[in-house]
1. What Rg and what Dmax come out for the chain when only alpha-carbon atoms are used, in angstroms?
2. Report the extension gain between SER532 and PHE346 in nm, rounded to one decimal, defined as 0.36 nm multiplied by the number of residues separating them, less their alpha carbon distance.
3. Return the unpartnered cysteines for the chain, using a Cβ-Cβ cut-off of under 4.7 Å.
4. For the chain, what does the relative contact order come out to in percent, with C-alpha contacts under 8 Å and a separation of six or more?
5. Can you flag which of LYS469/LYS743; LYS691/LYS747; LYS122/LYS431 are past 27 Å Cα-Cα?
6. Indicate the gyration tensor shape class of the range 201-413 (rounded, prolate or oblate), computed on the Cα atoms with a ≥ b ≥ c the square roots of the eigenvalues: a/c under 1.5 is rounded; otherwise a/b larger than b/c is prolate and the rest oblate.
7. Under 5 Å between amide hydrogens, which residues at least 5 positions from ALA746 or on another chain qualify, with H placed 1.01 Å from N in the peptide plane?
8. Assuming 0.36 nm per residue, please report the length gained on full extension of the stretch ASN17 to ASP273 beyond their Cα-Cα distance.
Amino acid sequence: MSDKRNVQILPPETFANLKLTKMKDKAVGIPAIISSMRHISKEMGIWRGIKLLNKMNQKDGFDCPGCAWPDPDGKRSGLGEYCENGAKAIAEEATKHRVTPEFFAKHSVEWLSEQTDFFLGKAGRITEPMYLAKGSSHYEPISWDDAFAKIGEKMKSLNSPSEAVFYTSGRTSNEAAYAYQLMARQFGTNNLPDCSNMCHESSGAGLSQTVGIGKGSVTLEDLYESELIMVMGQNPGTNHPRMLTALEKCKKNGGKIVSVNPIPETGNNTFVDPQNPLAIMKGGTKLTDHYLQVKVNGDVALLKAIMILMLEEEDKRPGEVFDLEFIATLTEGYEELVADIRSASFEAMIEQSGLNEKEVREVADLFISKKKIIICWAMGLTQHVNGVDNVKEVVNILLLKGSIGKPGAGTCPVRGHSNVQGDRTMGIWEKPKEGFLSKLDTRFGIQTPREHGVDAVESIQASLDGKVKVYVFMGGNFISATPDSKLTGEAIQNCEMTVQVSTKLNRSHCVTGDEAIILPCLARSDKDEQKSGLQFVTVENSMGVVHKSQGRLDPPSKHLKSEPAIVCGMAHAAMGSEKVNWKEMADNYDTIRDHIEATIAGFDNYNTKVRVPKGFYLPNGARDRNFGTPDSKAHFSIVKAPNRQVKTGHLIMMTIRTHDQYNTTIYGMNDRYRGIEGERRVVLMNPEDMKEQGLTNTQVVNLVGEFDGEIRRSNNYKVISYSIAKGCCATYFPEANVLVPLKSVAKGSNTPVSKFIEIKLEKVG
Ligand code: SF4
């Protein structure tokens, strides 16, 4: 697809250089150290890299820009408190490579758009603000003042504030996020979509409705002392590798681990602690006791089958399986749930889950006998039409056991990007609560809007409909991260101006509005010096701990600004500083934290508490059995097991990440654990499905999606025989996003359904 500039919205559909090896049976260990050092040495130099890594996730250091996995409250490892993917993330942001004005003068946006996302990411750190004029083919340097003035003028020229949209990626610090939402709301809109809309929105919705808080309830210590951890639809070995250390501690304390996933993941199998020479010699710790290879979206059926068996046992031994006292005093809806379980057919649930009775009975026995249970989950549960229901069913089974709000038990949605949870806490949400808005109004003497804004999916539709004139992106790579890539690209090209606050180049700098501005910002690991001196920012991890993060490196260019300074610069240009003193906030982030303290619950004495090295826990009602629902009770829900079918010969496709990528950032071309190297255009298929369709290993196919009478295509994939559940297949995100229909979303959360895409395969040649 091409626009006025003839740019390519989709990455090239050409092959790289596929090499297949065996799927690995052990995660981390020496190969992870070698891989980390290779990336560090290539991108930033080995000594500079090691020095920097020693400060990552330490109490006096900076927060890993990768995932949101928490750090231990107590002592942290002197050998390094990071994983292979954390090392890759830091190698990527502290790279020695630079994208300068000369680079942009040499390469047109059309040419850049024809390159792979891997090439764009590897080009280096952007060193100066850049401007792409309407009709122009090349970005040109622009001063900060002129860039802010252009954005301010454009915002002022809009017919309505709702013609502007402000997207946030989960790397954004608390301070930048708070200032950003304040800017949008002072301007007059709640158009604040974020990357949460596309990942854990279903968790937020399901948990808020049942236990009164849209966050998980457990701490790291809970994982260590749990008797049973079930990991559902999640690949911790690649996406949150330090979680493996916590799972290992649970195992060593006698806990059991169950993995539920249509694809067996190496990280769930055996973990070799790279900091423990004995573990390396002995070959590591086997983590998973029971692996359940569910069909894609067979999770509710599995949970229901387990609950049927639990209820049978509870009937025989009343009060010995369920926590009846907890249920009687602190929950609502128990009788209805029991009636629902009794009405369900065990055989049908087994059939729908894709599992066999024996393996389900074995896991049900664990649920029957254990009292301290944690369920962890990620996109495998949330990115379904029934994503909210999946989360509610998880809550159901935990409530039956009273496994919430006590040590070793609870809900654990594992968050992706490093501050995605904190950004929500700071008010990045299109549906803000009245209490928060009125506090902003009082604090700043402004009138914030009450009308809800658009989420990520709605913002794409609004842009397609011509309702969005200015789209500002606080980090991220919207074009690649969102569903229906081709349509999303067309939507963004419909805008008059797009603004990207970025550290590095990506596809979203190529597919733009008529005018485009790149505002290059400091990264997590960079020193941040403002008028009042050296600054730090704060972030919140997946378990609700808020802590400081202070970069160490000299910034790659003197022309960069911090994210808070950029937000304040844009806001001042658009609205002046009469009501909100944007300049004061940019000069000293303590000022922003004072505003946060005054307007958001749980941040009392923020500036003092956050200077305590390990940070502090935010209040979490579910953790204390003080449920934040209207009746202060936890609620059981009636959830139907979905039984979505696809046409004969079609497959259910889900998107997955490789071990060499984090979200849309491609660190390398290998998927080491799965034994797939040098190529990303692959489709992983069950050998029986391949046989039925007459396909052989590495045969080339096109993927054709069918949804609601619409056809979507993504060409050139090599078929790989893999032990994925029958009838299902997997392809890498973001290449396959073009097949995720914009209108296929989760009920109650509007999260794109990236884990259940009906496709057929078309042989090539
Ligand atoms: S587990 Fe996550 S936060 Fe920790 S080092 Fe790895 S990528 Fe970074």
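1. 24.9, 76
2. Using 0.36 nm per residue and subtracting the Cα-Cα distance, I get 60.4 nm.
3. CYS64, CYS67, CYS83, CYS195, CYS199, CYS250, CYS495, CYS510, CYS521, CYS568, CYS728, CYS729
4. Across the chain, relative contact order equals 22 percent.
5. With Cα atoms farther than 27 Å apart: LYS691/LYS747; LYS122/LYS431.
6. Because a/c hits 1.5 or more and a/b exceeds b/c, the range 201-413 counts as prolate.
7. Amide H neighbours of ALA746, under 5 Å, 5+ apart: THR751, VAL753.
8. 89.0 nm
Values quoted throughout were computed directly from the atomic coordinates according to the rules given, and no laboratory measurement underlies them. Keep in mind that this is a model prediction, so the values were computed, not measured. Because the Cβ atoms are built from the backbone with ideal geometry, glycine has one as well, and the counts that use them run over all protein chains shown.
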